[in-house]
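Below: the structure, in structure tokens.
Readers should treat all values here as calculations from the given coordinates under stated rules, not as data from a laboratory. In this text the structure is predicted, and so the values were computed from the model without any measurement. Heads up, the Cβs are rebuilt from the backbone with ideal geometry, glycines too, and the neighbour counts pull from every protein chain shown.
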Amino acid sequence: MSEVRIAVFASGGGSNLQALIDQPKRRALRWRIGVVISNNSSAFALQRARDENIPDYHISGKTCPEPGQLAARLSEALQQHKINLIALAGYMKLLPPEILRQYRSRVINIHPALLPHYGGKGMYGINVHKAVLESGDTKSGATVHFVDEVYDRGAIIIQRTVPVLPLDTPESLARRVLNIEHTILPKAVGMFL
Ligand code: GRF
């Protein structure tokens, strides 16, 4: 099979993008990041892409205000860079249904909790870790899963747990989970291939 080209969608810092960039098995497994897309023009993820000479785009409801324009622009960028797989890595927006249809079974997302728990509406960023701590659960973790129309509900590809420690704050738990995310996202890409 020829090289698999991945589009990484990220809204913020992009440490998961960096974990993919730094993945040493990338060449042997024959995949590359073909494009990085953000809805946030000041996302550090875009800078990380530029540092690696990966094409990057800011595409959002602001840059594409007309009905249908956002999906069309995303689709154009994905086609232009011959993308086979979409990885949502800290992307805070829903993908338009048209894109989900075009890339059915080829969109994955990383979520900072053990789905099916702590997913769905409002469960993003630090909110997830606050909810885990409030519940008294003794473990948390991260999940990579397929994305379909119902967010955080698609089939699970890989999951790894971390302990919740007695003195944890949402921030300390988030850091422990993020470290795990950096290992399972590249692994999930390898499994997808
Ligand atoms: C990660 O915790 C990811 O699971 C969540 O947003 C965070 C993004 O981190 N969806 P980064 O931008 O990859 O550093």
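What relative contact order, as a whole-number percentage, does the chain give when Cα pairs under 8 Å and 6 or more residues apart are counted?
Working: 349 pairs, mean separation 39.0, N = 193.
That works out to 20 percent.
How far, in nm, would the chain grow between Arg50 and Arg32 when pulled straight, counting 0.36 nm per residue and subtracting the alpha carbon separation? If you can, show how the numbers build up before the last one.
Working: separation 18, 0.36 × 18 = 6.48 nm, distance 1.47 nm.
Additional length available on full extension: 5.0 nm.
Relative to the first principal axis of the alpha-carbon coordinates of the chain, what is the inclination of helix 126-135, with its axis defined by its Cα atoms, in degrees from 0 to 90 and to the nearest 10?
On a 0 to 90 degree scale, this one is about 30.
Which order do the peptides 169-180, 83-94 take when ranked by the mean count of other beta-carbon atoms within 10 Å per residue, highest first? Intermediate results must be reported in sequence, preceding the final value.
Working: 169-180: 16.7, 83-94: 20.7.
Output ranking for 169-180, 83-94: 83-94, 169-180.
Write down the radius of gyration of the chain and its Dmax, each obtained from C-alpha positions, in Å.
16.3, 49
Give the percent of DSSP beta bridges with both residues in the chain that are antiparallel, rounded to the nearest 5.
Working: 11 of 27 bridges.
Percentage antiparallel, nearest 5: 40.
For a label point 7 Å from the Cα of Leu167 along Cα→C-beta, name the residues of region 122-144 whose backbone N is under 20 Å from it.
130, 133-134, 136-140
Would you work out if region 1-111 is rounded, prolate or oblate? Take a ≥ b ≥ c from the square roots of the eigenvalues of the alpha-carbon gyration tensor; rounded if a/c is under 1.5, else prolate when a/b is larger than b/c, oblate otherwise. Could you put the intermediate results ahead of the total?
Numbers: a/c = 1.77, a/b = 1.29, b/c = 1.38.
Note, shape of region 1-111 comes out oblate.
List the residues of region 158-174 whose backbone N lies under 14 Å from a point placed 7 Å from the Cα of Glu134 along the Cα-to-Cβ direction.
Hits in region 158-174 for Glu134 at 14 Å: 170.
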